[in-house]
Each structure stands twice: as structure tokens, then as C-alpha cells.
Amino acid sequence: VLLWSGSWGVPDLADADFLRFSREIPLASGQGLPGKAWQALKPVSVPDFTGEADCPRLTMALQTGLCSGLAFPLAVG
């Protein structure tokens, strides 16, 4: 599983509830935006979250005003 380790964002726009939720939810390979980047082993962008069927954080993201995102895997070794 993939567990949240950190994120980057504009401090004034970071929603504490969304970040807390992100820290708590484990993702399988291919699940959600981070899981898709992990599975593909390359950057993945989603210009519009509303069309994503497998997005565990969709409701929370939309409530905070997020509508798009970018994830990229970091490989060690």
C-alpha cells in the first residue's frame, strides 16, 4: 500500500481537513491519483477530478475547491 508521506501546495490554499484525510487513507497501486502515478512509474495529471471513477478523496477534494492534480513517483535505488 501507499501511505502519505508529504505534499506540497500553496500554504494559504491548503485545507487542513483534506491533508488530514490524505494522511489517514492507504492507497493501493492504481488507486487514486498517487496510486496511478505509482502504478505507471511516471507523472500523472488529472485536469478534472469530477471524471475520475476511482478517487477515494474526490468528495473531500471538491469540498475544498480542488479540481485538478498532479502526482509523480519518487524512486529510491
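Tabulated values for the structure
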{"item": "Percent carbon-and-sulfur accessible area, the chain, ignoring ligands, DNA and RNA, probe 1.4 Å", "result": "59 percent"}
{"item": "Size-normalised alpha-carbon gyration radius of the chain, reference 2.2 N^0.38 Å", "result": "1.05"}
{"item": "Magnitude of the charge dipole, the range 1-71, Cβ model with Lys/Arg +1 and Asp/Glu -1, debye to 20", "result": "240 debye"}
{"item": "Stretchable slack from Val1 to Gln63, in nm (0.36 nm times residue separation minus alpha-carbon distance)", "result": "19.8 nm"}
{"item": "Å² per residue, accessible surface of the chain at 1.4 Å", "result": "71 Å²"}
{"item": "Virtual paramagnetic centre 7 Å along Cα→Cβ of Arg20, amide N under 20 Å, in the range 49-77", "result": "56-66"}
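The values are calculated or read from the model by the stated rules, or taken from the named source; none is laboratory data. In this text the structure is predicted, and so the values were computed from the model without any measurement. Cβ coordinates were reconstructed from backbone atoms using ideal geometry, including for glycine residues, and neighbour counts include every protein chain displayed. These accessible areas exclude ligands, DNA and RNA; they are computed on the full protein's heavy atoms, side chains included. Shrake-Rupley method; radii C 1.70, N 1.55, O 1.52, S 1.80 Å.
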